[in-house]
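My questions will all concern the structure given below.
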Amino acid sequence: MKTSLLRSLLFLSFFTYIFSCSSNRDIPKAQNIVFKNVNVISMVDEHILENKSVYIVDRKIVSIDVFENLILPKKTLIIHAEDKFLLPGFSDMHVHTDREEVLALFLANGVTTIRNMWGLPEHVEYREAISNKEILGPNLYTTGPLIDGAIPAWYNSFILDNPADVEQAIKQMKTDGYDFIKVYDRLKSDVYQEIIRVAKEINIPVVGHVPSLVGIDAVLESGQQSI
């Protein structure tokens with residue numbers, strides 16, 4: 001029973017996202033879509049809205065009602081979803097992905113937004129290709145390279161050991177198109193504080209670990225967006 005329910009949930013979540021990612025050639029921009037007689041799991045409360053029809057216009061939900069109450073244009077696409085479940089897509093806020101072919105697997109498991117936590121130039125390319133509907137994948141947000149101190153925890157980290165080098169590096173990461181700055185374990189305190197200062201100046205969030213030489217209190221006070 002649980003397996004059947006999960007498959008129904010994931011199928012409809014994936015199916016909905018396929019529609020949102022399809023090209024205009026496949027689904028015209030003004031296409032009207034109805035999921036007919038589906039069970040809707042909302043984020044408002046714990047109740048399931050049973051046998052409702054979800055009406056979508058221009059990729060936005062405009063009505064959740066019984067089917068008979070909907071006034072639909074002739075060219076509406078009706079998806080019969082009896083005994084299926086519809087819910088918002090999931091967001092995975094900490095992923096590490098380095099291959100394009102993996103992106104569609106998130107959708108197949110109902111994940112429609114991801115935050116990649118160690119960014120490379122290809123992640124910016126993936127994000128733009130997904131946005132332009134050139135490849136299939138979830139909404140993608142990505143940090144820049146993992147920033148660490150002179151003796152990094154990971155050998156291929158971006159090293160910042162001198163506060164004087166911070167401004168150029170952080171500004172370049174924003175220019176390169178990253179959504180966040182990622183800090184790591186072995187940053188020195190003065191370097192960390194300069195990263196925070198520059199990031200605030202150019203309005204790019206800082207996320208990541210708590211550097212050992214900084215400590216949790218200073219990180220909380222700094223305005224780092226997530227830990």
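Coordinate-derived values only; no laboratory data. A quick note: this is a predicted structure, and the numbers were derived from the prediction, not measured. When we count neighbours, we look across all protein chains shown, and the Cβ atoms used for this are built from the backbone with ideal geometry, even at glycine.
Taking the range 175-194 as the search range and keeping residues that are closer than 25 Å to E125 by Cα and either in contact with a strand residue (DSSP E or B) (Cβ under 8 Å, 6 or more places away or on another chain) or touching a residue at least 60 places away in the same chain (Cβ under 8 Å) (or both), which one is surrounded by the most Cβ atoms within 10 Å (Cβ to Cβ)?
Step one: of the range 175-194, the residues closer than 25 Å to E125 by Cα are 175-184.
Pick out the ones that are also either in contact with a strand residue (DSSP E or B) (Cβ under 8 Å, 6 or more places away or on another chain) or touching a residue at least 60 places away in the same chain (Cβ under 8 Å) (or both) and you get 176, 178-184.
On the way: D176: 13, Y178: 24, D179: 20, F180: 23, I181: 26, K182: 23, V183: 28, Y184: 22.
Checking each candidate, the answer is V183.
Collect the residues in the range 96-146 that are within 22 Å of I227 (Cβ to Cβ), among the hydrophobic types (A, V, I, L, M, F, W, C) and in contact (Cβ under 8 Å) with a residue 60 or more places away in the chain, keeping them in residue-number order.
Within the range 96-146, M117, W118, L146 meet the criteria.
Same structure, new question: Among (1) within 30 Å of V40 (Cα to Cα); (2) surrounded by 20 or more Cβ atoms within 10 Å (Cβ to Cβ); (3) in contact with a helix residue (DSSP H, G or I) (Cβ under 6 Å, 6 or more places away or on another chain), where does L160 come up short?
(1)
While we're looking at this one, here's another question. Just for the range 113-156: of the residues that are assigned to a loop (DSSP other than H, G, I, E, B) and in contact with a Ser or Thr (Cβ under 7 Å, 6 or more places away or on another chain), which one is farthest from K182 (Cα to Cα)?
Step one: of the range 113-156, the residues assigned to a loop (DSSP other than H, G, I, E, B) are 117-120, 132-138, 149-156.
Narrowing further to those that are in contact with a Ser or Thr (Cβ under 7 Å, 6 or more places away or on another chain): 117-119, 133, 138.
Working: M117: 7, W118: 7, G119: 9, K133: 27, P138: 21 Å.
Looking at residues that are assigned to a loop (DSSP other than H, G, I, E, B) and in contact with a Ser or Thr (Cβ under 7 Å, 6 or more places away or on another chain), I get K133.
Residue check, E122 against (1) out of contact with any Gly (no Cβ under 7 Å at 6 or more places or on another chain); (2) more than 30 Å from E194 (Cβ to Cβ), all met but one. Which one?
Here E122 meets the rest and fails (2).
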